[in-house]
Amino acid sequence: MTVRSPRIRNLNWNLLRTFLVIVEERSITRAAERLHVRQPTVSASLQKLEETLGAQLVQRNSRRFVLTVRGEALRQECIEIHQHVERIAERLETDEDDLAGLVRIMLVTELVLPALDQALGLMHRRHPSVMLSLDVAGSQEIARAVAQRSVPFGFCLLPKPLVGLECRLLMREAFGIFCGRTHPLAGRQDVTLEELRAEPFVAFRCGHDGGALEPMVALREGAGLGARTAGVAPHLREVARMIAAGIGIGLLPVAAAESVIERDRLWRLPVLHDRLGADLYFLRSPDAPLDRAERAFLSLLSDLLPVPGDGLPV
């Protein structure tokens with residue numbers, strides 16, 4: 001056979017794959033069966049590959065099937081190429097994909113909701129190119145932002161569902177009245193509500209400046225507290241810090257208070273137990289268009305969110 005310069009630019013991976021199967025099966029016939037094609041097709045592929053490379057690759061007759069020196073060299077290269085192709089396929093078959101974008105969520109401070117934590121983690125693992133943004137705000141601000149389509153999703157406390165928004169009730173969040181461990185009322189079991197009404201109060205900013213939609217306002221006014229405000233902060237940690245420092249008493253969500261500050265710094269006053277609470281809702285605008293990233297997150301979240309009364313932890 002006359003040796004010609006190989007026309008590598010015309011080399012086709014399918015020809016190399018067919019050659020590799022031929023070598024593995026050591027038979028044109030068995031290679032055709034494995035590739036689910038006719039035997040002449042396999043023979044033609046081998047011939048075309050030899051012509052393209054300008055070299056005989058296989059010495060064969062009815063009893064022998066032997067690779068030439070060049071055939072053996074090509075076999076080793078084909079194995080390495082095949083391994084690279086398999087690695088490409090494995091990478092493309094992972095949960096990672098090309099989904100990108102930004103998912104914004106507004107939520108009340110120090111929200112204790114395991115389902116949301118799980119959804120955030122799962123979203124990142126499945127779609128690592130998507131950026132997740134959490135913005136903390138008061139309930140009234142969150143409801144307004146979702147209604148105005150500034151953000152697609154919100155978690156907030158509401159006295160009742162809002163007209164025009166999809167409001168999914170998640171749970172009843174229990175609140176308690178707290179003071180610091182150094183406060184004169186700490187440790188007492190005979191505290192009355194009348195005594196508390198005269199105490200300086202530490203308020204969430206949303207409950208101090210908020211309107212009728214803000215549950216913290218209803219909780220404070222319903223208990224008759226906050227006649228004199230001694231401190232204001234936007235987030236639970238800062239409110240709890242001021243209460244623990246003895247600045248005044250305050251209303252805190254029980255689960256969050258226990259998770260963000262040492263229990264030995266706060267004392268839950270034995271007043272109105274199991275009677276203070278607010279409903280936690282997941283909000284979205286049913287008419288707001290969602291992009292691919294937002295739809296993917298909503299799908300994950302919807303499967304994980306608790307249903308009221310199903311016994312899931314706060």
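The values are calculated or read from the model by the stated rules, or taken from the named source; none is laboratory data. All values reported here derive from a predicted model rather than from experimental measurement. FYI the Cβ positions are ideal-geometry reconstructions off the backbone, even for glycines, and counts take in every protein chain you see.
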Only listed residue being without any contact (Cβ under 8 Å) to a residue 12 or more places away in the chain, aliphatic (A, V, I, L, M) and closer than 18 Å to Asp279 by Cα, chosen from Val163, Val146, Val136: Val163
Restricting segment 213-254 to residues that are touching a helix residue (DSSP H, G or I) at 6+ places or on another chain (Cβ under 8 Å) and in a loop (DSSP other than H, G, I, E, B), the one modelled with the lowest pLDDT turns out to be Leu213
Selection from segment 146-164 of residues surrounded by 16 or more Cβ atoms within 10 Å (Cβ to Cβ), at pLDDT below 95 and in contact with a strand residue (DSSP E or B) (Cβ under 7 Å, 6 or more places away or on another chain) yields Cys156, Leu157, Leu158
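Yes/no per residue for (1) at pLDDT below 85; (2) surrounded by 14 or more Cβ atoms within 10 Å (Cβ to Cβ):
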site	(1), (2)
Arg70	no, yes
Glu77	no, no
Ala89	yes, no
Asp95	yes, no
Ala100	no, no
Val103	no, yes
Leu111	no, yes
Ala119	no, yes
Checklist (1) surrounded by 21 or more Cβ atoms within 10 Å (Cβ to Cβ); (2) in a loop (DSSP other than H, G, I, E, B) applied to Ala278, failing item: (2)
Odd one out for Val37 among (1) over 16 Å from Asn14 (Cα atoms); (2) assigned to a loop (DSSP other than H, G, I, E, B); (3) hydrophobic (A, V, I, L, M, F, W, C): (1)
Does Gln118 satisfy the criteria of being assigned to a helix (DSSP H, G or I) and in contact with an Asp or Glu (Cβ under 8 Å, 6 or more places away or on another chain)? no
Of the residues in segment 121-145 that are among the small types (Gly, Ala, Ser) and under 25 Å from Leu252 (Cβ atoms), the one that is surrounded by the most Cβ atoms within 10 Å (Cβ to Cβ) is Ser139
Any idea which of Leu185, Leu162, Leu169 is in the same structural domain as Gly277 (by TED's automatic domain parsing) and part of a strand (DSSP E or B)? Leu169
Segment 255-270 - residue that is surrounded by fewer than 18 Cβ atoms within 10 Å (Cβ to Cβ) and assigned to a loop (DSSP other than H, G, I, E, B) and, of those, nearest to the chain's Cα centre (by Cα): Glu262
Given (1) among the polar types (S, T, N, Q); (2) in a loop (DSSP other than H, G, I, E, B); (3) under 18 Å from Leu236 (Cα atoms), Gln140 misses just (2)
Every residue from segment 28-50 that is surrounded by fewer than 17 Cβ atoms within 10 Å (Cβ to Cβ) and within 19 Å of Glu72 (Cβ to Cβ): Gln47
